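Scroll down for the structure; my scribbles are underneath it.
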């Protein structure tokens, strides 16, 4: 299993988070047919550090989390639950994650629907992961 699937599995294993979004945790986009509330994940930057003998075993990746809701307060509750679930060090599906760092947390308008009643809260987390 790749690190992205392992990160999604971590999110889906967290009861406080799944109480808010169910199984609606997806990479890159939220399908239009998906009811609110939901959480999307997107890789912003993934480095592949190397040394003279090949790739380094610890890989950094910056991931943007977006919480989607019809309520501003609930969008923020989802993003807070996602941060609580994903920041601690953890091993999931043979991928070891070191403690993540929150780079940014913000409220943003739903860009594709500027006049809608969909709210988005966002956070960028820096992960360092390796094969366990």
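Derivation of every value follows stated rules applied to the coordinates shown; laboratory data play no part. Since this is a predicted model, take the numbers as computed values, not measurements. Don't worry about glycine lacking a Cβ; one is built from the backbone with ideal geometry, like all the others, and counts go over all protein chains shown.
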| Degrees, to the nearest 10: 3-12 long Cα axis against longest axis of the chain | 40
| In degrees between 0 and 90, to the nearest 10, how far off the longest principal axis of the chain does helix 72-86 point, with axes built from Cα atoms? | 20
| task | Within region 1-19, which residues have the backbone N less than 20 Å from the label spot 7 Å out from residue 130 along Cα→beta-carbon, could you tell me? | result | 1-7
| message | Using a Förster radius of 30 Å, what is the FRET efficiency between residue 27 and residue 53 based on their Cβ-Cβ separation? Nearest 0.05, please. | response | 0.45
| query | So what is the relative contact order of region 14-107, in percent, for Cα pairs below 8 Å that sit 6 or more residues apart? | reply | 21
| note | Checked the chain against the a/c 1.5 cut and the a/b vs b/c comparison, axes a ≥ b ≥ c from its Cα gyration tensor; verdict prolate
| remark: If R0 = 22 Å, then residue 2 and residue 89, at their Cβ-Cβ distance, give a FRET efficiency to the nearest 0.05 of 0.70
| Additional length obtainable on full extension of the chain from residue 9 to residue 108, 0.36 nm per residue less Cα span | 33.1 nm
